[in-house]
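> Next up is a structure, given as C-alpha cells.
The values are calculated or read from the model by the stated rules, or taken from the named source; none is laboratory data. These numbers were taken from a predicted model, which means no experiment stands behind them. Positions of Cβ are backbone-derived with ideal geometry, glycine not excepted, and every protein chain shown enters the neighbour counts.
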Amino acid sequence: MRERPGGVGTGRGRAFDDRGGPAVRGRIAAVARAAAGALLLSLAACGGPDAAESPLDDPEVAATSSGRRVEAREGEPFAQVVVAGPPRAMGVRLGALLAEPIRRRLARPLPGAVREAVRLYAPEVARLLPPALAEELRGIAAGAGVDADALLEREVAHEVARWVEPTTARLDGAFAAAPGERPAVAVAWSDLGAAVAGTGAEAGEAAWVLVERRPVGRAATLSLGWAGSLGGVVVVAESGAVAAAVEDGTLEPEQRSLRGMPPAAAVRWAVEEGGDAAAMWAEMPRLVGHRAIVADAGNRRLDARRWLVGDDPVASGPAAWVLRPASEGAARREGAARQDAQMGAYAARPGVDQALTLAMAGVGAAAGGPLALLATADGVEVRAAERTWVYAWAR
C-alpha cells in the first residue's frame, strides 16, 4: 500500500542563483551587504516602535477588520486566534492579539554568525514577498509595537541558521495522507518538546499558535506556526486543501538556496493561491531543504524532497494512502517499516481515523513523545501527550 518516493529529477524550477559553495556565497554576501543598508519594508510607512500608540484605533483598521482569541481549554497545546480583513488591517489585529509572544520572540538574541547572515539575506527575502504578505507583516509589526525589519529577520532566521550552522536542529517529521474524496493530511514530529518550543534559531520560544485568517478576496486558512509568522508548517483551507513541510538535511550544498519566501509564508501562499496540486506545489519552499506534501481540494496529492532547481514529486490519487517516514538513512528506513507494520496490523483498510496513528508510527521515540496534527476541511485535530484536541474553524 505504500507509495514509495521517486528519485530527485531535473525538472525546471525558479531561477535561483545563490547556490551553495563558499565562493558563490561570498559573492552573494557582497551584493547583499550593498543592499542591506536600505530599509526592508519602508518602516516610515508601516510603523514600528515609534508608530502610533494604539494602531487598533486607526479608523481603517476599526472599520475593515476584526480579531479575537478563541476561548482556551485547560491543557491544550496551542492558542487559537481568528483575524479577518484586508492585509495590513488583518495584520494589525494579529499583532495586537499576539504582541506578548512576538516581543518575547524578537527579544531573544540570535547567534552572531546567524545574525550577520540574516541581515545580508533579508533584503532579498523582502523583495520576493508578495505585496499582500508584505502588507500583512507591516500590520503585524504595527499591532505588536515592534520593528517590521526585525520581524522579517526573525521570520527567516531559522532557515538562515540551517544554512550557516549545519548542526542546527531541524523540525523533522512524518506524513500520513488518507484516501477519500476530501484531503486528510496528518503530520507527526518526533519530539513534542522540540515541536512546541521550536528548534535552532527559535529554540525556547514555546510560542506556536493556530491562526485562522480570513483575508479579503482570498481563501480562508488555518495555519500552525510561530507567533508573528506569515504562515505555518501546516496550513489548511476551508476547501480542505492542505500543504505541509518538514525539514530535511540531506541536500548537497549546490542544491540549497536562501533566495525565496520564508518557508512558513510559502506553505501558506501555496494554499491561499489555490488551484490544483501542481499549482500548489509550484509555490512550496525551495530553500535549504524540506520534504513537502500538498493535497488539493479533490485530494490529489504531490510529495517529494523539495530542492533548488527541481524535484520529482510523487503523484497520488484520491484512492491512495500516502505514508512518508521522518528522518534520514537507517532511521528513515526504520520509520517506513513501522508505518508498514502499523498499516498491516489493521483487519480492514484504514481510513481518516487512523491517519494520526500512522503518521506517529513514522517518527522515532523521544523523551517528549510525539506530537501529531491532522488537517481536514473541518479544522485541525492535535494529538499530544496521549490527549487529543480538536480546533474547529472559529469563523
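> Any residue at all in the stretch 110-124 that's surrounded by fewer than 16 Cβ atoms within 10 Å (Cβ to Cβ), within 27 Å of PRO166 (Cβ to Cβ) and of a type in the set (A, V, I, L, M, F, W, C)?
Among the residues of the stretch 110-124, at least one is surrounded by fewer than 16 Cβ atoms within 10 Å (Cβ to Cβ), within 27 Å of PRO166 (Cβ to Cβ) and of a type in the set (A, V, I, L, M, F, W, C), which makes the answer yes.
> One residue is enough: does the stretch 31-38 have a residue meeting the conditions surrounded by fewer than 16 Cβ atoms within 10 Å (Cβ to Cβ) and either under 25 Å from VAL216 (Cα atoms) or modelled with pLDDT of 50 or more (or both)?
Within the stretch 31-38 (the criterion being surrounded by fewer than 16 Cβ atoms within 10 Å (Cβ to Cβ) and either under 25 Å from VAL216 (Cα atoms) or modelled with pLDDT of 50 or more (or both)), the answer is no, since none of the residues qualifies.
> Give, as residue ranges, the strands (runs of 3 or more DSSP E) completely inside the stretch 279-395 that count at least 2 residues that are under 21 Å from the mean Cα position of the chain (by Cα) and either within 21 Å of GLU212 (Cα to Cα) or not assigned by TED's automatic domain parsing to the domain that holds GLY180 (or both).
Answer list for the stretch 279-395: 290-295, 371-376, 379-384, 387-392.
> Can you tell me which residues in the stretch 192-211 are modelled with pLDDT of 60 or more and in contact with a Lys or Arg (Cβ under 8 Å, 6 or more places away or on another chain)?
Of everything in the stretch 192-211, just one residue is modelled with pLDDT of 60 or more and in contact with a Lys or Arg (Cβ under 8 Å, 6 or more places away or on another chain), namely ALA207.
> Still on this structure: For ALA245, work out the one condition from (1) in a loop (DSSP other than H, G, I, E, B); (2) within 14 Å of the chain's Cα centre (by Cα) it doesn't fulfil.
The number of the failed condition is (1).
> Considering only the stretch 221-242, state which residues are part of a strand (DSSP E or B), modelled with pLDDT under 95 and among the hydroxyl-bearing types (Ser, Thr, Tyr).
Answer for the stretch 221-242, where residues must be part of a strand (DSSP E or B), modelled with pLDDT under 95 and among the hydroxyl-bearing types (Ser, Thr, Tyr): there is none.
> Tell me whether the stretch 124-146 contains one or more residues that are within 19 Å of the chain's Cα centre (by Cα), of a type in the set (Asp, Glu) and more than 28 Å from PRO87 (Cβ to Cβ).
Checked against the condition, which is being within 19 Å of the chain's Cα centre (by Cα), of a type in the set (Asp, Glu) and more than 28 Å from PRO87 (Cβ to Cβ), the stretch 124-146 yields no hits at all.
> Within the group VAL352, VAL309, which residue is buried (at least 16 other Cβ atoms within 10 Å of the Cβ), β-branched (Val, Ile, Thr) and modelled with pLDDT of 95 or more?
When all the criteria are applied, what remains is VAL352.
> Pick out the one residue from ARG170, ARG127 that is without any contact (Cβ under 8 Å) to a residue 12 or more places away in the chain and out of contact with any Leu (no Cβ under 8 Å at 6 or more places or on another chain).
ARG127
> Given the condition under 20 Å from THR388 (Cβ atoms) and either out of contact with any Pro (no Cβ under 8 Å at 6 or more places or on another chain) or of a type in the set (Phe, Trp, Tyr) (or both), answer yes or no: does some residue in the stretch 302-325 qualify?
No: zero hits.
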